Structures are given as C-alpha cells and as structure tokens.
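We did not get these values from a lab; they are worked out from the coordinates using the rules stated. These figures come from a predicted structure and were not determined experimentally.
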Amino acid sequence: MSFLKGTVTLTRYRLLEIPAEATDEFFSERLKLNSFVDIENVPEESSLGWVEILNPLATSFEPPSFRFGGFWGFQIRLDRRRLSAKILNRYCLIEEAKILAETGQALKAKAKKHLREDLRGQLLPKVLLDTDLFEVLWFKKENEIWIAGAGEKKRLIFEELFDRTFGLRIRLIAPISLAFELIPKELGSALLKSQPSSFMIGEDG
C-alpha cells in the first residue's frame, strides 16, 4: 500500500508543536541518526529506521530526497526474521551428539546454553528477511503528517520511531474529530449537546 501508486488507506496525525527550525538540515540530521541499519548478514532479528521515500535502500537523506514542494516525504522500513525454536533445537541436538561422540562426555547446562547462543548467531543470518515499508508525508502548511496504511501495529511503529527521531508531540486525527473540524462550529456545538431519543413509525390508531 503506497502513496506513490494505486489507492491507499492512510492514517493522519496533527502536530501539537512545531519544531523551532524545520530546515533541511534539521530533517537530514535527525533522519540520519535514526536511519535504517541493514541486518542482512548479522545475527539480529529486526531493524527499524528511516529510508528515502523513492529508494528503500538509500539513507543519505540529501534534501532533494525528502523535500517536495510543500511537504517532506520519507519511508519507514522494518526488517524482521524469525528463527523457529524447532530448527534451533534440531541443530543443538546435532552438535551435542557430535561433542558427546568426540569427548565421551555430555555437555553441562552452562555449556549447552553457550552452544545454543553460538548456533543462534550462526543460523540467524541465514534466515530470509521479511521487509515492511510504508511512507510518511509531512505537510508543512497543514501541520499534518500522513502515513500510508492503518492499524494499531503500524501506528505504534510510526509513533515510536517518530518520537525517537523528532521528539515532537502528535495526535491521531480520528474520523469524529475530523468531522467536527469540517462542519460549522455552531452545528458541532449543537451535536455535542443533543440527546438520543426514540421514535416509532407506523399507522395511527
């Protein structure tokens, strides 16, 4: 799901405070400090960070890569891999059997723990990564931020990374609050004061 092609479901946020200096240097510095780190060949389970909106492999964040007229654009990239316990247990049993055959002694609990950690470090980089990408658009004039997609998990990922990167307070724009922004103030006040009532439709008598 993407702003760049096709239809998109989006989640909108309102900025509750404006950065003192929303300059190109401001964005470039903070995006680089929290950019995505590749874990293709290292024993890590996940990596979360910013990448350029037009190139999910790039993290240089030169101004032309994120400044587009009246808005700034970037992407969040999350890479994850999972090494199942069943696979890890299988390799642990194989290695323990080899050591027993070579030394004639079974490994003690502490040695088994170290062996398990070593094997996990060896096997994790061999597990294929699952990559999730979603775009973030920051509209300067409207004081809003849009993310491509919806759902609690995606919102939590965005909110955590946004707070770590910019340290600014934001508020989710819920449909009801957006509706009240779009209708006249007097009508909104009347709706808030209204009370539910019951009625029946039918023939008299």
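For segment 33-152, the relative contact order works out to 30 percent when only alpha carbon pairs closer than 8 Å and six or more residues apart are counted. Segment 22-84 and segment 110-178 have Cα centres spaced 11 Å apart. With 24 Å as the limit, the listed pairs LYS86/LYS153; LYS126/LYS153; LYS32/LYS154 have LYS86/LYS153; LYS126/LYS153 beyond it between alpha carbons.
Both numbers refer to the Cα atoms of segment 85-124; Rg and Dmax are 9.9, 29 Å.
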